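Single-structure report; data block below.
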Amino acid sequence: MKAVTWRGVDEIGVEDVSEPTILNDHDIILEVGLTATCGSDLHLMGGYIPAMRAGDVLGHEFMGTVAEVGRGVAKHQVGDRVVVVSFTSCGQCWYCKQELYSLCDNGNPNPGITEALWGQAIGGCYGYSHALGGWAGSHAPYIRVPYADQGAFAIPDGVSDVRALFASDAAPTGWTGAHQAGVQAGDVVAVWGAGGVGQMAARAAMLMGAERVVVIDRYDNRLEQVRTHVGAETLDYEEVDVPAELREMTGGRGPDVCIEAVGMEAHSPGPQYLYDQVKQQMRLQTDRPTAVREAIYACRKGGTVFTLGVFAGLVDKFPLGAVMNKALTLRGAQQHGHRYIPEILDRMSRDEVRTEHLATHVMSLDDGPKGYRMFKDKEDGCVRAVFRPGA
Amino acid sequence: MTSSIGNVASVAARAGGTVVRQVRSVIDPSAARPAGAGQPASGWLAVTVFREPSDIDAAALPTPLAEFGDRIEVRVHPAPGGKGTELSARLRDRPSSGPAASRLSGSDPQADLRSALRRAKQLIEVGEVLVVDPAPHGKRTASPGGVLLEAWTRVAPKAGVR
């Protein structure tokens, strides 16, 4: 079958790969209906997460139809229309039972890599390097889904494929950020990054009762999407001083919750960006934490900063003094989507969560390299390139 | 990202393996030590299994651990805070930990035991051991980084590179 693969740094290919087979009793084989690019793929594409091998199939945000079920699968049958959470989690270990699914003890068959990097291994993720399990990704006609009773969710009638697609990763990641950051009724929440995850974090915060939600980015079309489809306010960081604006919007306090949905390749105006680029290219830091620094600076005393964007290793000039002296709570997580997807699908069915606008460019797998180029360079207002393997 | 800076980034990123080593040595200084790195002095290796202690019979261990027979000793303790049961094992005859190269070759008995503990935990908690290969993939173009990653991936299910 044909698949979109990582061939090397900034090199995406389309090549023939073998079809997946059931290897564990709890597997299903899914016929992929739609599969999306994600901002975190750009870190793989650019070589910032150096655990990809040439030929690895990309893609971790997807939905489709069950084509085959393992003998241990109880919840799903051939023909079911499902969306699959991007993390592979067993549902049985202590972390899964605490609903901290991305921390699953058993979902990563290569635990030694992240154990060496971070002290302990986290769960696995489709198409997201050998550090997160070496799972083949979803940019292919078929994908193997382990622990299917845990990770695949039936899509309600009336929820379109495109809407449901983003219940796989963008929406539950946003929900993870807002919920784990402890957003409460009356909070003012600032979200850095107006991509799919940032938009969904903002929507989640609104639905959790936030009084005011502000999303920060520099791309007009994305900020327009936030205002139109999410209903949050926006700030263009190339036009205004973000911390100053946030202080003005909050009576001088700063936001109660600051969610960073940008990640390790953050951009900013001014010399700080050049500094971080040089440090990153000289391998003196692995990640550029520009937006995290600003979030910490902007956050109100005693508030919470949540790192939702993907970081891999070390950052430089981290404002620990502000964290300590302002008594901030600093948290982070990959998505615990198993916990949030049922609620998200329910809200999607009631039109409280709409995501179709994120899929700005839908194309065939053959257009994989073009799709990633458009997504990376934001060509033609690309917010997400989405592949339809059956096209 | 500007295109010129992006090009620099692309070249530099090819040295990704270096980053991992740097990250690891900074985060965990013990990683730079030549012997015993990452291994407790006692030799005990442990996993926490989310089951009651009464559910784990040290005399009837899952196959991965049972296969060690008398070569290991095993202990079972309740984990604090309702986190399940701490299942520990150690080799009765423990070789001194070799350099990273020998561990990367996969000939580390400690790594084999760690792997067995992990597989035993999965069998108790989930009922099966999760496998990833054979996974669909395209052409594996040879590269120094790919060789390193392949070696790392080969031992990662065991005890990482510690």
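Each value in this text was obtained by applying a stated rule to the coordinates, not by laboratory testing. Worth saying up front: this structure is predicted, and the values here are computed from it rather than measured. Methodologically, a virtual Cβ is constructed for each residue, glycine included, from the backbone with ideal geometry; neighbour enumeration extends over all protein chains shown.
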(request) Please arrange A:Thr355, A:Thr37, A:Thr114 by counting, for each residue, the other beta carbons lying within 10 Å of its beta carbon, fewest first. (result) A:Thr114, A:Thr355, A:Thr37
(message) Can you tell me which of A:Glu239, A:Glu99, A:Glu260 moves the most in a GNM of chain A? Springs connect C-alpha atoms under 10 Å apart.
(response) A:Glu239
(request) Report the full-extension gain for the segment A:Glu356 to A:Gln272: residue separation times 0.36 nm, less the Cα-Cα distance, to one decimal in nm. (result) 26.7 nm
(request) Rank the residues A:Asp105, A:Asp367, A:Asp316 as a footprinting-exposure proxy: fewest other Cβ atoms within 10 Å of their Cβ go first. (result) A:Asp316, A:Asp367, A:Asp105
(request) Quick one: grab the alpha carbon gyration tensor of the stretch A:22-157, order the square roots of its eigenvalues as a ≥ b ≥ c, and give me rounded if a/c is under 1.5, else prolate or oblate depending on whether a/b is larger than b/c. (result) oblate
(request) Using the Karplus curve 6.51 cos²θ - 1.76 cosθ + 1.60 with θ = phi - 60°, work out ³J(HN,Hα) for each residue of the stretch B:56-64 in order, rounded to whole Hz, and write x for Gly and Pro. (result) 10, 9, 4, 8, 9, 6, x, 3, x
(request) Note the angle between two axes, namely the Cα long axis of helix A:271-281 and the longest principal axis of the Cα atoms of chain A, as a number of degrees from 0 to 90, rounded to the nearest 10. (result) 40 degrees
(request) Could you work out how far helix A:170-180 tilts from the main Cα principal axis of chain A, as a 0 to 90 degree angle to the nearest 10? (result) 50 degrees
(request) Compute the length gained on full extension between A:Ser349 and A:Asp149: take 0.36 nm times their separation in residues and subtract their Cα-Cα distance, giving the result in nm to one decimal. (result) 69.9 nm
(request) Measure out, as a whole number of angstrom, how far apart the alpha-carbon centroids of the stretch A:176-217 and the stretch A:247-313 sit. (result) 16 Å
(request) Enter the mean number of other protein chain beta carbons within 10 Å of the beta carbon of each residue in A:82-92, as an integer. (result) 2
(message) Defining a contact as two alpha carbons under 8 Å apart and six or more residues distant in sequence, what relative contact order in percent does chain A show?
(response) 18 percent
(request) Could you grab the Rg to Rh ratio for the stretch A:103-233? Cα atoms only, Kirkwood for Rh. (result) 1.03
(request) List the extent of the Cα atoms of chain A along each of their three principal axes, largest first, rounded to whole Å. (result) 58, 47, 44
(request) Calculate the mean, over all residues of peptide A:11-18, of how many other protein chain Cβ atoms lie within 10 angstrom of the residue's Cβ. (result) 3
(message) Give me the dipole magnitude in Debye, nearest 20, for the protein assembly as shown about the Cα centre, with unit charges on the beta carbon: positive for Lys and Arg, negative for Asp and Glu.
(response) 1580 debye
(message) Going through the cross-link list A:Lys75/B:Lys83; A:Lys2/B:Lys139; A:Lys279/A:Lys317; A:Lys97/B:Lys121; A:Lys279/A:Lys326; A:Lys2/A:Lys376, which pairs have a Cα-Cα distance over 19 Å in this structure?
(response) A:Lys75/B:Lys83; A:Lys279/A:Lys326; A:Lys2/A:Lys376
(message) If you average the alpha carbon positions of the stretch A:95-174 and of the stretch A:38-93, how far apart do those two centres end up, in angstrom?
(response) 6 Å
